[in-house]
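The values are calculated or read from the model by the stated rules, or taken from the named source; none is laboratory data. Just so you know, these numbers come straight off a predicted model, no measurement behind them. No Cβ is skipped: glycine too gets one built from the backbone with ideal geometry, and neighbour counts run over all protein chains shown. Remember, those area values only see protein heavy atoms, side chains included, never the ligands or the DNA or RNA. Shrake-Rupley method; radii C 1.70, N 1.55, O 1.52, S 1.80 Å.
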Amino acid sequence: MASEQQRHAIKNAEVLMVGAGGIGCELLKTLALSGFGNIHIIDMDTIEVSNLNRQFLFRKSHVGQSKAKVAQEAVLRFRPHINITAYHANVKDPDFNVEFFKQFSVVLNGLDNLDARRHVNRLCLAAEVPLVESGTTGFLGQVTVHVKSKTECYECQPKPTPKTYPVCTITSTPSKFVHCIVWAKDLLFAKLFGDKNLENDLYVRSNDASSSSENVEDVFERREGDDLEKYGRRIYDHVFGHNIEAALAKEETWKNGNKPKPIYSRDVLPDNLVQQNGNLNKNSTVDDPLSLSAMTSLGLRNPQDVWSLVENTKIFLESLKLFLGKREKEIGSLIFDKDDQLAVEFVTAAANIRATSFGIPMHSLFEAKGIAGNIVHAVATTNAIIAGLIVIEATKVLQNNVQKYRMTYCLEHPSRKMLLMPVEPFEPNKSCFVCSEAPLSLEVNTFRTKLRDFVEKIVKAKLGMNLPLIMIGSALLYEVGDDLEEDMVRNYEANLEKVLAELPSPVTSGTRLAVEDLQQELSCDISIKHREEFDEEKEPDGMLLSGWTQAPQVEKDNENGHGESTSVVSDLMPLESKDNGEIEIIPSGTKRKHTQISSESSSTSCGTHSNGGEPKLEVIDDEDEVVILDNWNAENSKKKKVL
């Protein structure tokens with residue numbers, strides 16, 4: 001039962017919720033039922049069909065509408081007396097500045113991406129507003145409290161980079177089913193149905209003189225008079241047959257590995273079976289193009305069945321025919337969508353055929369969709385538990401009950417008969433450039449690196465600034481903003497193309513750059529150190545930033561494939577993963593210092609892909625289907641028990 005003090009704190013609180021998805025729906029409902037009377041919600045997304053199985057405030061009729069506004073309307077129906085303000089907008093918009101944040105008693109995050117989380121963290125620090133962070137993935141989840149000067153901020157510990165795969169692995173030497181999915185989705189699907197002007201490494205033309213003469217021209221271009229079946233078989237034979245043969249010609253590649261096997265359509269599906277391959281008429285009455293289905297045409301019903309090579313071949317050809325025959329107007333502008341049934345069928349079939357060629361086990365459509373959409377199938381109960389914990393911590397924050405703040409982790413399996421693991425928040429990290437303003441240093445070749453590289457790869461990508469301002473002393477090198485005069489914009493654009501040492505105020509070894517983001521009210525100093533050479537494999541950016549830490553990529557294999565595309569952050573979970581597989585627990589109420597963490601995390605071994613300076617294909621987390629679970633990786637996190 002809430003005390004009078006708690007009820008008063010709750011009733012008068014101004015609360016900002018960021019995110020109205022899986023956690024957000026549960027959180028808004030719990031806030032309303034707990035007596036909170038003034039709630040603001042920010043969410044830029046619209047409702048999708050795939051949200052409906054767990055985001056209970058939404059119905060099928062709401063698909064395409066604003067999440068924030070529909071959530072507001074749904075809650076006001078059973079709590080009409082409270083004030084809910086909804087913003088269908090991006091939290092990074094200029095309107096949501098530090099002054100906007102200052103009006104709130106506490107900010108509650110239910111976000112799904114690292115960039116937005118960092119942005120909210122910085123605004124909360126600048127506005128001196130407490131932040132309650134959260135995340136879930138499957139059965140796992142956590143809630144953490146961040147209060148300026150009293151606890152660590154959200155960025156005091158390293159966070160993960162988006163998972164990427166080197167293009168050479170995707171196009172030449174796949175070893176996992178996820179590699180085949182990325183190839184089918186980001187290369188083949190994009191080439192056939194996306195922007196025709198985009199180049200990709202799909203071996204559109206073969207340079208092998210011994211290859212079929214058919215490869216002299218672009219086989220992806222549909223010729224006049226080609227029927228759909230013939231065109232589909234030509235594509236099939238090119239990507240699964242000719243390209244594999246071309247790859248086999250590079251014998252050095254297969255010296256220590258299994259050689260792939262070329263697959264041609266005639267060997268799998270003889271020409272005399274062409275007429276048996278599907279029936280477009282079964283889809284003729286479908287109004288929604290996203291509901292078109294090659295499975296329906298072929299009489300395949302169970303998405304959890306693993307199709308045979310023959311079935312995958314039929315699905316491949318049938319889905320291609322349906323795209324070209326029923327959705328021709330969309331060709332050239334399509335982007336893969338996990339809610340597009342036909343797109344998922346095409347990608348599943350293409351990935352399975354490629355997997356067969358490389359000796360990789362095939363997967364069902366259900367599993368392939370999970371990988372292609374980066375889906376960790378959400379557990380509504382976990383979201384509900386996390387939402388309840390957020391409200392508990394928010395209530396403590398509103399009462400300024402610092403001694404009772406807890407970081408609480410939701411576990412998949414009981415440890416010492418506990419499924420919820422609370423620990424005291426960590427102290428601020430004195431080396432954190434965000435909340436402790438620790439200086440940074442950058443090793444860079446000042447005679448080769450352009451200012452544009454520094455802005456894009458360091459200031460934006462690593463430091464997470466949106467509207468950066470860069471200065472040497474009083475000299476302004478670069479600035480972003482809507483209120484800039486045209487001549488200033490031209491000067492800054494010109495500066496971007498100059499190498500650092502040739503800027504109007506040269507950046508050389510020993511230079512100290514001041515970098516600031518006015519929107520975030522964040523500033524930091526970066527000391528420049530000139531360095532001639534960089535290891536292309538270990539330092540592909542050609543720059544090395546010190547004083548800023550980023551967790552290595554973590555690959556977590558999962559038998560059902562879903563774990564392949566899940567981003568998970570390591571190094572802060574208060575569980576000890578011992579070599580024998582048992583879990584040690586850091587006692588509740590124990591506070592740990594960052595000096596201890598940093599020495600331990602530096603030796604953490606995580607799987608990464610290194611392939612020189614190659615371009616990489618990203619697998620990006622999709623909202624609410626998979627949410628970054630910060631501070632959790634029981635397999636890789638090795639820490640000493642605190643006594």
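Data overview
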| read-out | value |
| --- | --- |
| In segment 70-109, residue surrounded by the fewest Cβ atoms within 10 Å (Cβ to Cβ) [restricted to those that are β-branched (Val, Ile, Thr) and over 27 Å from the mean Cα position of the chain (by Cα)] | THR85 |
| Candidate set from segment 426-445 (those that are open to solvent by less than 10 Å² (accessible area, probe 1.4 Å), farther than 17 Å from SER523 by Cβ and in a loop (DSSP other than H, G, I, E, B)); member that is modelled with the lowest pLDDT | PHE426 |
| Inter-residue pairs, beta-carbon under 9 Å, first modelled with pLDDT under 85 and in segment 254-271, second among the basic types (Lys, Arg), 6+ apart | ASP271/ARG233 |
| Search result, residues across segment 119-145 that are buried (at least 22 other Cβ atoms within 10 Å of the Cβ) and in a helix (DSSP H, G or I) | HIS119, VAL120, ASN121, ARG122, LEU123, CYS124, LEU125 |
| Selection within segment 446-474 - in contact (Cβ under 8 Å) with a residue 12 or more places away in the chain and open to solvent by 30 Å² or more (accessible area, probe 1.4 Å) | PHE447, ARG448, LYS450, ARG452, ASP453, LYS457, LYS462, ASN466, LEU467, MET471, ILE472, GLY473 |
| Output for segment 375-391, where each listed residue is open to solvent by 50 Å² or more (accessible area, probe 1.4 Å) and in contact (Cβ under 8 Å) with a residue 40 or more places away in the chain | HIS377, ILE385 |
| Which listed residue is in contact with a strand residue (DSSP E or B) (Cβ under 8 Å, 6 or more places away or on another chain) and assigned to a loop (DSSP other than H, G, I, E, B), from VAL376, VAL397 | VAL376 |
| Segment 24-58: number of residues that are buried (at least 21 other Cβ atoms within 10 Å of the Cβ), assigned to a helix (DSSP H, G or I) and at pLDDT 95 or above | 6 |
| Failed criterion for ALA372 (all others in (1) under 23 Å from the mean Cα position of the chain (by Cα); (2) among the aliphatic types (A, V, I, L, M); (3) open to solvent by 40 Å² or more (accessible area, probe 1.4 Å) hold) | (3) |
